[in-house]
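Comments concern the structure below.
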Amino acid sequence: MHPTFSIQPPKISIRYVFLLSLLSVCLLWNNALAGEPSGKENQPEPHLANIRQLTFAGKNAEAYFSDESNRLVYQSTLEPDGKTIRSCYQIYVMDLDGTHVRRVSLGLGGTTCGYFFPGGRRVLFSSTHGTSQFCPPVPEKTERYRWPLDNYDIYSMNIGGRDLQRLTSAEGYDAEATVSPDGKTIVFTSMRDGDLDVYTMDIDGKNLKRLTHEVGYDGGAFFSPDNKRIVYRAHHPKTDEEVKAYRDLLAQNLVEPSNLEIFIMNADGSNKVQVTHNGRSNFAPFFAPDGKRIIYSSNLSTPADHQGRPSFHLHIINEDGTHSEQITFNGHFNSFPMFSPDGKQVVWSSDRNAANPKEFNIFLADWVP
């Protein structure tokens, strides 16, 4: 295994994890599934105008706006020199036009799920560097995608790469962390109590609260614009056989995120409501600025009898589960969408225009209602 700070020329075959993330986030974190061709390219996408590609090599995902919409924080395997490819993700910040790229994380271990604090001067992220300076090991490849639950902890850092503060220290997975718009609360996913659940804490890491208690995975959470609700993704096994399979994988620090639905709950964990009911893989949900709609990624448009990996596209749905509409039609992986705070722009990760099948880039577009 190579240390995370080792580099490889871009032309050499890159043998690192084919990330979904998660479904992390975040996560999921962090990991992305590429799909096989499932339709024509260059189809109209009427809700997206003036599409700009901001990155052009490596794996780039989970880009999120600062509250002033002038910067993006994202995770990438490509260093700011545009040539150095890392073996696992680090956290970077760039201006909205793709310039002035700089690394925020330490360059040690694996990182995921960067997110701005209000004011745009600090970044939240998760990292494994507290237990190892090396990239996390790649799990054995299986027929079904399995996401490793590495030993992440949550940190914050000044965007200049200074003043690192550790916010969690529990054994196991603490990741998929985001900040409420008012800057008072962090929501994240943890397996500290033996299952994958959603928690909140104050921005200094204190006042920990567990919000979900159902058996299964709950994660990828974001606050609503008014700080009152949380949207997240979940897989709750129903039968005894499904529960056993889930727990057996969890004991190996693995999760198999094949079927995920979108949920909403109050910020205190009450009044949980399921939004999607399609039995597919729905993830990376984010509230629209009006707080009444949710943009997310799903393989819903892939036929049920499709052989091979499905395609993922962006969709938008009302908070009550009505009027689901597909947004992207090009490429085979489109995910991790976020609206700018004013609702005028949307950013996401996609394999469209990719130079190779394992490349994902950040795209920015004007939103057309």
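The values are calculated or read from the model by the stated rules, or taken from the named source; none is laboratory data. Being a predicted model, the structure only gives us computed values, none of them experimental. Every residue, glycine among them, receives a Cβ derived from its backbone with ideal geometry; neighbour counts consider all protein chains shown.
Side notes on the structure shown:
- Top-ranked residue in the range 66-85 [being outside any loop (DSSP other than H, G, I, E, B) and of a type in the set (Ser, Thr, Tyr); ranked as farthest from Val346 (Cα to Cα)]: Thr77
- The range 272-288, subset under 21 Å from Ile186 (Cβ atoms) and not hydrophobic (A, V, I, L, M, F, W, C), residue surrounded by the fewest Cβ atoms within 10 Å (Cβ to Cβ): Lys272
- The range 131-183 - residue that is polar (S, T, N, Q) and assigned to a loop (DSSP other than H, G, I, E, B) and, of those, farthest from Tyr92 (Cα to Cα): Thr142
- The range 298-321 - residue that is touching a Pro at 6+ places or on another chain (Cβ under 7 Å) and among the polar types (S, T, N, Q) and, of those, surrounded by the most Cβ atoms within 10 Å (Cβ to Cβ): Asn299
Residues checked against (1) β-branched (Val, Ile, Thr); (2) within 15 Å of the chain's Cα centre (by Cα); (3) at pLDDT 50 or above:
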position	(1), (2), (3)
Phe5	no, no, no
Leu23	no, yes, no
Leu28	no, yes, no
Asp67	no, no, yes
Arg71	no, no, yes
Ser76	no, yes, yes
Ile91	yes, yes, yes
Asp95	no, no, yes
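- Assessment of the range 78-88 against the conditions (surrounded by 24 or more Cβ atoms within 10 Å (Cβ to Cβ), charged (D, E, K, R) and within 16 Å of the chain's Cα centre (by Cα)) yields no matching residue.
- Qualifying positions in the range 168-200 - surrounded by fewer than 20 Cβ atoms within 10 Å (Cβ to Cβ) and at negative phi: Ser169, Ala170, Glu171, Pro181, Asp182, Lys184, Thr185, Arg192, Asp193, Asp195
- If you go through the range 322-359 and keep only what is surrounded by fewer than 17 Cβ atoms within 10 Å (Cβ to Cβ), in contact with an Asp or Glu (Cβ under 8 Å, 6 or more places away or on another chain) and over 17 Å from Phe65 (Cβ atoms), you end up with just Pro357.
- Top-ranked residue in the range 212-270 [being acidic (Asp, Glu) and surrounded by fewer than 15 Cβ atoms within 10 Å (Cβ to Cβ); ranked as nearest to Arg293 (Cα to Cα)]: Asp226
- Pairs where the first residue, in the range 78-104, is more than 17 Å from Asn158 (Cβ to Cβ) and the second is of a type in the set (D, E, K, R) and in a loop (DSSP other than H, G, I, E, B), C-beta under 7 Å, 6+ apart: Arg86/Glu79
- Enumeration of residues in the range 60-83 that are in contact with an Asp or Glu (Cβ under 7 Å, 6 or more places away or on another chain) and under 16 Å from Cys113 (Cα atoms): Arg71, Tyr74, Gln75
- Where strands (runs of 3 or more DSSP E) sit wholly within the range 301-369, those with at least 1 residues that are on the phi > 0 side of the Ramachandran plot occupy 334-339.
To keep it simple, each residue is scored yes or no on (1) within 29 Å of Phe117 (Cβ to Cβ); (2) not hydroxyl-bearing (Ser, Thr, Tyr).
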{"site": "Ser297", "(1), (2)": "yes, no"}
{"site": "Gly321", "(1), (2)": "no, yes"}
{"site": "Ser340", "(1), (2)": "yes, no"}
{"site": "Val347", "(1), (2)": "yes, yes"}
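- Answer residue from the range 119-158, given it is among the β-branched types (Val, Ile, Thr) and surrounded by fewer than 18 Cβ atoms within 10 Å (Cβ to Cβ) and is modelled with the lowest pLDDT among those: Thr142
Here's the yes/no breakdown for (1) at pLDDT below 95; (2) under 21 Å from Gly58 (Cα atoms); (3) acidic (Asp, Glu):
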position	(1), (2), (3)
Leu260	no, no, no
Thr276	no, no, no
Ala284	no, yes, no
Gly291	no, no, no
Ala304	yes, no, no
Gly308	yes, no, no
Thr328	no, no, no
Ile362	no, yes, no
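- Matching residues, the range 289-303, being of a type outside the set (Val, Ile, Thr) and more than 19 Å from Asn330 (Cα to Cα): Pro289, Asp290, Gly291, Lys292, Arg293
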